[in-house]
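What follows is one structure encoded as structure tokens, with my remarks underneath.
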Amino acid sequence: MAAAFVRRSAAIVLRQAYLMRGSVARLLPLFAWVAVDMILWGFITRYLSEVASSGLNFIASLLGAVLLWDFFSRVMQGVTTAFLEDVWSRNFLNLFATPLSIPEYLSGLVVSSIATSTIGLVVMLLLATTFFGLSFFGYGILLAPFLLLLFVFGIALGIAASGIVLWLGPASEWFVWPIPAIVAPFAGVFYPVSTLPGWMQVIARLLPPSAVFEDMRRIVLGRPVSLGELAWGAGLAIVYLVLACWFFARVHRRAIRTGLIARYSAENLA
Amino acid sequence: MTPPPVLAVSDLRKHYGPVVAVDGLSFEVRRNEIVGLLGPNGAGKTTAINMILGVLEPTSGSITIESVDARAHRTGALAHTNFAAVYAPLPGNLTVIQNLRIFGMLYNVPDLSARIEQVIDQFELDRFRHTRCGVLSSGEQTRVGLAKALLNAPSLLLLDEPTASLDPSAARDIRQRIRQYAAQGDVGILWTSHNMYEVEEVCDRVMFLARGRVLLEGDPRQLPGEHGHKTLEDLFVAVAREPLAMEPH
């Protein structure tokens with residue numbers, strides 16, 4: 001039973017690997033855009049460090065924030081892109097007429113995302129440390145929970161976004177791509193949450209990444225970190241992950257009830 | 001003791017609000033039997049097949065595949081099942097061998113590499129093994145779809161218009177291969193087609209569907225005569241035009 005679960009999930013991962021292997025158009029975005037981001041923000045932070053006299057370590061605060069945010073975005077898109085491959089190839093009928101279960105399918109999407117986002121993370125780390133002197137060791141042991149929390153929330157958003165596309169049809173994939181950009185202003189990626197107006201701060205507290213970026217800035221400024229805030233963020237991320245899986249399963253169930261899965265394609269849904 | 005049927009469908013219904021797509025469908029597919037599911041467009045054939053495949057939830061009724069309740073134990077039931085349909089080609093961005101490997105894993109096929117070689121050999125796909133499915137001709141894609149459908153050696157094979165869009169020569173070739181598979185073991189096949197010549201040639205038994213119900217059932221070679229028609233096609237046209245006249249009284 002467990003072996004069958006692993007094998008069916010592995011089939012989803014293998015499908016993604018086959019697609020990556022044979023396509024420059026799929027391989028390049030894994031690292032090209034994050035590399036561009038690192039170079040662009042690397043020079044911006046270098047310039048800011050030269051002209052500003054605040055004593056703030058821009059490399060660690062800004063470039064580190066960009067790196068972590070790009071990692072989060074890649075995790076989310078790793079899930080949605082693997083899901084969208086089935087939309088684009090109109091594969092739902094073939095896929096869901098097999099013994100594949102939703103937990104197996106989602107596990108496959110998550111593992112695919114781990115692989116693709118890791119490639120992006122490694123490229124970003126190489127560029128940021130080699131060319132701009134970013135030291136992630138500066139964040140100490142907290143780097144691991146930072147990455148883990150962002151990873152879990154990225155997976156949750158990716159699954160929820162996939163559920164939205166399954167629910168609303170292929171054209172709604174355009175709702176998926178801007179999600180990180182919409183979340184970013186609330187998450188306090190580049191500035192403290194206290195900078196935001198009150199209503200935005202309320203939303204920020206409900207977004208797990210804000211805990212990561214607040215603590216990251218505390219470390220850079222040499223202030224004590226708030227483990228409570230990080231724990232709150234981690235708890236939220238887990239709740240969102242559970243909710244996202246529930247949402248996807250519910251949308252899938254609805255698609256089975258209405259027959260949407262059997263006739264899901266770019267042609268028959270506007 | 002008579003072995004249980006491969007597929008038993010009982011009082012199956014599917015309503016979309018006030019629209020009734022399948023209305024109390026009951027039938028069986030036995031071992032070593034090819035059953036034709038016939039009817040005009042919109043009769044409920046594909047709806048019935050989708051419900052058997054677990055991609056459409058019935059409003060009510062039961063589906064049993066190899067004595068497994070398909071609604072309660074979907075994974076167990078679908079492990080014995082597979083399908084091919086003209087409207088469900090395999091992903092065109094993967095090669096033949098990649099698609100077969102992925103679907104073989106999804107069906108948890110033991111000794112998968114050897115099984116893939118068997119179906120590649122069976123459907124003469126060797127020279128296309130590294131070709132993306134999207135660039136194959138209709139006939140070649142149909143063969144790949146059938147190779148996928150036989151990967152897990154299903155005891156229930158669902159074929160929804162498997163030869164649609166094929167030229168007569170390719171269609172004959174496909175029919176021959178499916179019959180070879182059917183003759184190999186304890187397999188039941190449910191086959192939909194609008195080609196009555198094909199149905200007469202292949203099917204042991206046919207069921208005429210209209211408005212989601214079985215109107216007629218019997219041997220495709222004898223059924224036309226029993227209802228005052230020369231050919232199966234004439235009977236099909238009569239059923240399609242006047243389904244109420246064929247309703248059992």
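Figure legend. Inter-residue proximity from region B:138-150: first residues in contact (Cβ under 8 Å) with a residue 24 or more places away in the chain and over 10 Å from B:ASN99 (Cβ atoms), second residues among the small types (Gly, Ala, Ser) and buried (at least 23 other Cβ atoms within 10 Å of the Cβ), beta-carbon distance below 6 Å, spacing 6+ or different chains. Indicated pairs: B:LEU146/B:ALA84; B:ALA149/B:ALA84. On the basis of being within 20 Å of B:LEU159 (Cβ to Cβ), in the same structural domain as B:VAL214 (by TED's automatic domain parsing) and out of contact with any helix residue (DSSP H, G or I) (no Cβ under 9 Å at 6 or more places or on another chain), does B:ALA70 make the cut? No, not satisfied. Within the bounds of region A:65-72, is there any residue that is among the charged types (D, E, K, R) and either farther than 23 Å from A:ILE182 by Cβ or surrounded by fewer than 21 Cβ atoms within 10 Å (Cβ to Cβ) (or both)? The answer is no, given that none of the residues of region A:65-72 is among the charged types (D, E, K, R) and either farther than 23 Å from A:ILE182 by Cβ or surrounded by fewer than 21 Cβ atoms within 10 Å (Cβ to Cβ) (or both).
Within region B:124-146, can one find any residue that is under 23 Å from B:PRO5 (Cα atoms) and either of a type outside the set (Gly, Ala, Ser) or in the same structural domain as B:GLY54 (by TED's automatic domain parsing) (or both)? Yes, some residue in region B:124-146 is under 23 Å from B:PRO5 (Cα atoms) and either of a type outside the set (Gly, Ala, Ser) or in the same structural domain as B:GLY54 (by TED's automatic domain parsing) (or both). Checking A:LEU100, A:LEU134, A:LEU166, A:LEU84 one by one, the residue that is within 14 Å of another protein chain (Cβ to nearest Cβ) and not in a helix (DSSP H, G or I) is A:LEU100 and no other.
Hey, can you tell me all the residues within region A:168-195 that are under 30 Å from A:VAL220 (Cα atoms) and among the hydrophobic types (A, V, I, L, M, F, W, C)? Result: A:ILE179, A:ALA181, A:ILE182, A:VAL183, A:ALA184, A:PHE186, A:ALA187, A:VAL189, A:PHE190, A:VAL193. Applying a threshold of 9 Å to beta carbon distances and a minimum spacing of six or more residues, or different chains, the list of pairs starting in region A:13-31 at a residue that is more than 8 Å from chain B (Cβ to nearest Cβ) and farther than 18 Å from B:LEU90 by Cα and ending at one that is part of a helix (DSSP H, G or I) and among the acidic types (Asp, Glu) reads A:ARG26/A:GLU85. Listed by first and then second residue, the pairs linking a residue in region A:145-163 that is modelled with pLDDT of 95 or more to a residue that is of a type in the set (Gly, Ala, Ser), with Cβ atoms under 6 Å apart and 6 or more places separating them unless they lie on different chains, are A:LEU149/A:GLY233; A:LEU149/A:ALA234; A:LEU149/A:ALA237; A:VAL152/A:ALA237; A:PHE153/A:ALA237; A:ALA156/A:ALA244; A:ILE159/A:ALA244; A:ALA160/A:ALA244. Among the residues of region A:169-184, those that are closer than 20 Å to A:ILE203 by Cα and either part of a loop (DSSP other than H, G, I, E, B) or touching a residue at least 24 places away in the same chain (Cβ under 8 Å) (or both) comprise A:VAL176, A:PRO178, A:ILE179, A:PRO180, A:VAL183, A:ALA184. In the set (1) facing another protein chain (nearest Cβ under 8 Å); (2) at pLDDT below 95, the condition left unmet by B:GLN122 is number (1). Within region A:210-234, the set of residues being surrounded by fewer than 16 Cβ atoms within 10 Å (Cβ to Cβ), under 23 Å from the mean Cα position of the chain (by Cα) and not small (Gly, Ala, Ser) comprises just one member, A:LEU227. As a summary of the residue check, A:PHE153 satisfies the conditions (1) buried (at least 17 other Cβ atoms within 10 Å of the Cβ); (2) part of a loop (DSSP other than H, G, I, E, B) except for the one numbered (2). Which members of region B:52-80 meet the condition of being more than 9 Å from chain A (Cβ to nearest Cβ) and closer than 20 Å to B:VAL187 by Cα? If the condition is that a residue be more than 9 Å from chain A (Cβ to nearest Cβ) and closer than 20 Å to B:VAL187 by Cα, then B:ILE52, B:ILE63, B:THR64, B:ILE65, B:GLU66, B:SER67, B:VAL68, B:ASP69, B:ALA70, B:HIS80 are the ones that fit. For region B:174-228, the set of residues classified as assigned to a loop (DSSP other than H, G, I, E, B) and among the polar types (S, T, N, Q) consists of B:SER193, B:ASN195, B:GLN222, listed by residue number.
Filtering region A:168-190 to residues that are at positive phi and at pLDDT 90 or above leaves only A:GLY188. Scanning region B:12-51 for residues being within 23 Å of B:ARG175 (Cα to Cα) and more than 14 Å from chain A (Cβ to nearest Cβ) gives a total of 14. A count restricted to region B:130-155 and to residues that are crowded, with 16+ Cβ neighbours inside 10 Å and not in a helix (DSSP H, G or I) stands at 7.
With the structure loaded, tell me whether B:ARG221 is in contact with a helix residue (DSSP H, G or I) (Cβ under 8 Å, 6 or more places away or on another chain) and surrounded by fewer than 16 Cβ atoms within 10 Å (Cβ to Cβ) or whether it fails that test. In short, yes. Taking the criterion of being without any contact (Cβ under 8 Å) to a residue 24 or more places away in the chain and over 30 Å from A:PHE43 (Cα atoms), the only residue of region A:57-87 that qualifies is A:ASP86. Of all residues in region A:137-196, those satisfying the criterion of being closer than 20 Å to A:VAL111 by Cβ and of a type in the set (Gly, Ala, Ser) are A:ALA144, A:GLY154, A:ALA156, A:GLY158, A:ALA160, A:ALA161, A:SER162, A:GLY163.
The values are calculated or read from the model by the stated rules, or taken from the named source; none is laboratory data. This is a predicted model, so every value here is computed, not measured. Ideal geometry is used to build each Cβ from the backbone, glycine not excepted, and the neighbour counts take in all protein chains shown.
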